Each structure stands twice: as C-alpha cells, then as structure tokens.
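This report concerns only the one structure given below.
The values are calculated or read from the model by the stated rules, or taken from the named source; none is laboratory data. This is a predicted model, so every value here is computed, not measured. Here the Cβ is made from the backbone with ideal geometry for all residues, glycine too, and neighbour counts use every protein chain on show. Side chains included, ligands, DNA and RNA excluded: accessible areas come from the protein's heavy atoms. Shrake-Rupley method; radii C 1.70, N 1.55, O 1.52, S 1.80 Å.
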Amino acid sequence: MKSLVILISGRGSNMQTLLDAKLPAKTITVISNNPAATGLEIARSRHIQTHVVDHRAYPDRETFDAALAEKIDACQPDLVALAGFMRILGDSFASHYQNRLINIHPSLLPAFSGLNTHTRALKEGVKIHGCTVHFVTSQLDHGPIIIQAAVPVLPEDTPEALAARVLQQEHRIYPQAVRWFLEDRLTLTNSCVEIRAAAIENHALYSPPLDQ
Ligand code: GRF
C-alpha cells in the first residue's frame, strides 16, 4: 500500500472527504502552512498525524519550499495531494514531486486558472463550470488532467451559490482521483493521463438544456 500526504491551508473540506473515503493508503499525514487552519482540528479529531510548516517563519519561497519538502519527505509519501493549499510552490518543489503531486482546482481547467474562479466564471457568462483534479507542474494550475466534473451555471447564481455547487463535485472527484493513483490505475503519456478501466460515458451535458 502507498502513503499519502495532504497539504492544506484552511477549512479542509476536501481533506475531510479524503479522510472519510477509506482510501487504500498505508499512512496519511496532513501538513498545513497555517497553524490556524480549521482542517488541522478535523484531522486531529480523526487521529491523523498532523504537522505545521508556517510559511511566515521563512524569509522567502525557496526556504519555505525546502522546509516543507523536508517535512513531506520524512513521511516518505507516494502521493502528495494539495487540498486547498494556498501557497504557490516553486519550480524545484514541483519537479521534486513530479508525477506524484496533485491538486484540486475549482474550475474546468485550462479555463480560469488562478483565484476567484467562480466570480470570473459568472462575469464571463459561461453556462458550464466545474472542477479539475490534475498533476502539478511548475506552471500554475496546469498539468495533466485526471478527472473533471461539470455543473450548470444557473441564471440566479451568486459566486457563493456556484462555489457550493462546484464544491459538492470536488468532494466526489478528489477521492476518486486519489484512489485511482493509490491503486496504480493512472498512466501518464505525453502529458495526458490514461485511467485504466474507467467506464467512459458518451453523454453530453447541456446548460441550459435543449428544447425537447
Ligand atoms: C477548494 O475549492 C479547492 O478547490 C480550492 O480551495 C478550496 C479549498 O476548500 N483550491 P477546502 O479547504 O478543501 O474546504
């Protein structure tokens, strides 16, 4: 079995769904850059080992990344999952964890990389929005896509309402992606991810729906 490290910065709802998913992992460790992250309490209440590497204790990104990598490497993880981890990680961090570092992003990448994805999606008037789990590369919110979920954007949506609809799907796709990784079912070829034995359905999603 493989070992998993989850990196968080705040609320930790994606981390919680990973902890609740009964994943086939030998060990799970949660690390936060923020000592006040509420996700830390959730992890501790589940008797999961936690660590804090507070970015404010380091003079620059490089030294923080190095301290974080040292803490992660001490856990000897097969997979590092960013779950609402709100620090940008440098190139050498990304290449150190190449093909074993994944992230969940609240948009259908490559659309809306970066912050405030729901507000920007509403402003652009897109009719379908969603979330993506992807391998992390040195390019922010890029990298081979493992799974995406799409949701409709409704006429009366606020950023908060849309975020809540997307978050529900984040909680479905992240445990699935991590499980596939831990079960050795992902293959990376030419920056694309193949998933062994996933049944692909040939259904379109229309938003708004077509006239009958
Ligand atoms: C999620 O929407 C995630 O996609 C984004 O930040 C949010 C974190 O939420 N990167 P949580 O801490 O997992 O509840």
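Odds and ends about this structure:
- Considering Glu194, Glu170, Glu156, the condition of being part of a loop (DSSP other than H, G, I, E, B) and either farther than 15 Å from Leu101 by Cα or of a type in the set (D, E, K, R) (or both) is satisfied by Glu156 alone.
- For the range 75-84, the set of residues classified as more than 9 Å from the ligand (Cβ to nearest atom) and either within 23 Å of Leu162 (Cα to Cα) or outside any loop (DSSP other than H, G, I, E, B) (or both) consists of Leu79, Val80, Ala81, listed by residue number.
- A Cβ distance below 8 Å, combined with a sequence gap of six or more or placement on separate chains, defines the contacts here; from the range 146-159, residues that are within 9 Å of Ile128 (Cα to Cα) reach residues that are open to solvent by 30 Å² or more (accessible area, probe 1.4 Å) and at pLDDT below 95 in the pairs Ala150/Leu205; Pro152/Leu205; Pro152/Pro208.
- Annotation note: Cβ proximity below 6 Å between a residue of the range 29-55 that is under 18 Å from Ala81 (Cβ atoms) and open to solvent by 40 Å² or more (accessible area, probe 1.4 Å) and a residue that is part of a strand (DSSP E or B) and of a type outside the set (S, T, N, Q) (sequence gap 6+ or interchain) occurs for His51/Ile31.
- Flag for Arg44 being away from the ligand (no atom under 16 Å from the Cβ) and more than 29 Å from Val193 (Cβ to Cβ): no
- Of all residues in the range 85-125, none satisfies the criterion of being among the β-branched types (Val, Ile, Thr), in a loop (DSSP other than H, G, I, E, B) and open to solvent by less than 40 Å² (accessible area, probe 1.4 Å).
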